[in-house]
Amino acid sequence: MALLVSKDQFDWRGPASTKEPKPFSRRIMELFVPPKGEKVLPTASGMMLILIGLCLGLAAYNTENNILFIALSLLIATIVMSGIFCWSNIISARWRLENSSTFRVGETGEVAVVVENARQRFPLFSLLFELGSDKTEEFRELHLRDSVAPGESARLVWRYKPERRCRTKIRILETTSLFPFGFLKKHVPGGCVSEVSIWPARIEYRRLKNLGSGFGWQGASTKARGTTGELIGLREYSRGDAPRSIHWKVSARQGALVVKQNAAESQARYTLHVSHSKYLWPTKEIFERMCSFVVSLAEDLFLAGDLDYCRIEGGPEIKISRVSDLSTFFDQISSLEWDADSGGGKSEDAGNAVSFRPVDGIQVAAYLNGKAIAKA
């Protein structure tokens with residue numbers, strides 16, 4: 001009997017994922033008329049058993065030997081019982097897909113199938129999950145080798161190491177039950193899909209000029225003296241400011257939100273401008289190198305507190321205030337297409353805009369105010 005899952009917060013799939021248990025009469029009907037997408041097929045050993053049964057049947061009818069008829073009956077009973085046990089093993093199983101929050105080219109991430117036994121009396125055995133990634137065309141089979149007790153769950157892990165940058169869907173293509181003898185296998189659609197972004201790999205780059213503070217590039221000079229985190233004044237609240245920077249006492253007096261301004265805000269910060277027009281990038285290899293250079297430089301600037309905005313040509317600017325903003329920009333980079341139209345956006349940003357152009361056909365350089373500042 002399946003457990004109730006109406007109050008479960010997870011998105012389960014599988015025969016036992018419904019909010020209410022199916023009536024027993026409907027389950028018996030599904031044994032003879034499987035739902036759409038489900039099927040029962042013989043394995044290699046099952047085909048051999050069926051072939052032996054046919055030979056025994058022909059011999060029994062030709063010789064009228066009772067022993068052969070008994071052997072044929074036992075074979076047929078074995079096949080039928082194998083199908084019933086195979087069906088009963090999977091009807092009370094449910095599963096869901098879990099994955100790492102981020103994936104990066106060349107780095108190992110985690111894709112996991114959590115399978116739960118919704119029975120109240122009998123354990124769950126021998127399930128096979130087939131997983132696949134649409135864009136990268138990678139596939140993996142995960143076997144449930146140990147039994148799962150009633151009401152318990154098991155976690156099957158795929159150490160996924162993507163090979164190229166893209167935005168892809170990881171899905172459970174199919175679930176198969178081989179219990180108990182392996183003569184028949186019950187196929188059930190997986191139903192679970194997770195869309196993930198695969199970020200470009202980090203790349204080594206060389207700074208051509210060491211220009212000073214922070215990340216190493218000089219910002220605008222100010223009259224105020226002090227270190228990066230020193231408070232130098234107050235200003236009005238703007239969207240994206242952290243709640244911890246609000247000066248609540250002054251805000252209460254003025255009737256409007258006021259935030260603390262530290263020395264780092266008085267320093268000029270940088271905007272990354274990315275153009276993905278194939279007229280600028282002659283080959284796909286140099287384009288992929290540019291994507292890796294962009295995320296590496298953006299990550300270093302963010303950690304140094306020198307990154308203000310990021311923008312892909314043809315798209316809106318992203319204010320980089322927190323890690324989630326940087327992740328949004330990386331997700332956009334993972335979806336960039338080399339042969340896509342850039343959308344005809346403005347070609348230059350105001351302020352300290354860092355742009356990227358190919359150099360010598362094999363390298364990528366970052367330019368600030370017309371001067372190369374880094375090369376990869």
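The values are calculated or read from the model by the stated rules, or taken from the named source; none is laboratory data. What you see is a predicted model, and the numbers here were worked out from it, not measured in a lab. Cβ placement follows ideal geometry from the backbone for every residue including glycine, while neighbour counts extend to all protein chains displayed.
Residues in region 24-34 that are of a type outside the set (Phe, Trp, Tyr) and loosely packed, with under 12 Cβ neighbours inside 10 Å: 25, 26, 28, 33. Every condition in (1) under 30 Å from residue 204 (Cβ atoms); (2) at pLDDT 85 or above holds for residue 254 except the one numbered (1). Of all residues in region 273-327, those satisfying the criterion of being among the polar types (S, T, N, Q) and either in a strand (DSSP E or B) or over 21 Å from residue 239 (Cα atoms) (or both) are 275, 277, 283, 292, 296.
Just wondering, is there one or more residues in region 44-61 that are surrounded by fewer than 16 Cβ atoms within 10 Å (Cβ to Cβ) and in contact (Cβ under 8 Å) with a residue 60 or more places away in the chain? Yes, there is a match, as at least one residue in region 44-61 is surrounded by fewer than 16 Cβ atoms within 10 Å (Cβ to Cβ) and in contact (Cβ under 8 Å) with a residue 60 or more places away in the chain. Being more than 25 Å from the chain's Cα centre (by Cα) and either free of Cβ contacts under 8 Å to residues at least 12 places away in the same chain or within 16 Å of residue 186 (Cβ to Cβ) (or both) is a description that applies to residue 87. Within region 177-192, being of a type in the set (S, T, N, Q) and surrounded by fewer than 19 Cβ atoms within 10 Å (Cβ to Cβ) holds for no residue. Step by step: first the residues of region 142-160, then only those that are modelled with pLDDT of 90 or more and surrounded by fewer than 14 Cβ atoms within 10 Å (Cβ to Cβ), then the one that is nearest to residue 290 (Cα to Cα). Which residue is that? Restricting to residues being modelled with pLDDT of 90 or more and surrounded by fewer than 14 Cβ atoms within 10 Å (Cβ to Cβ), the top hit is 159. Across region 326-376, the qualifying residues are those that are modelled with pLDDT under 75 and within 15 Å of residue 165 (Cβ to Cβ), and the one among them that is surrounded by the most Cβ atoms within 10 Å (Cβ to Cβ) is 340.
Among the residues of region 191-200, those identified as at negative phi and either at pLDDT below 90 or part of a strand (DSSP E or B) (or both) are 193, 194, 195, 196, 197, 198, 199. Looking across region 115-134, the residues that are touching a residue at least 60 places away in the same chain (Cβ under 8 Å) and under 18 Å from the mean Cα position of the chain (by Cα) come down to 129, 130. Confirm whether residue 33 is over 30 Å from residue 292 (Cα atoms) and β-branched (Val, Ile, Thr). It is true that residue 33 is over 30 Å from residue 292 (Cα atoms) and β-branched (Val, Ile, Thr). Residue check: residue 65 meets all listed conditions (1) surrounded by 15 or more Cβ atoms within 10 Å (Cβ to Cβ); (2) out of contact with any strand residue (DSSP E or B) (no Cβ under 7 Å at 6 or more places or on another chain) but one, namely (1). Among the residues of region 109-141, those that are modelled with pLDDT of 90 or more and among the β-branched types (Val, Ile, Thr) comprise 111, 113, 114, 115. Within region 147-180, the set of residues being not polar (S, T, N, Q) and not in a strand (DSSP E or B) comprises 149, 150, 151, 152, 161, 162, 163, 164, 165, 178, 179, 180. The residues listed here are 67, 52, 28; of these, the one that is closer than 21 Å to residue 182 by Cα, hydrophobic (A, V, I, L, M, F, W, C) and not in a strand (DSSP E or B) is 52.
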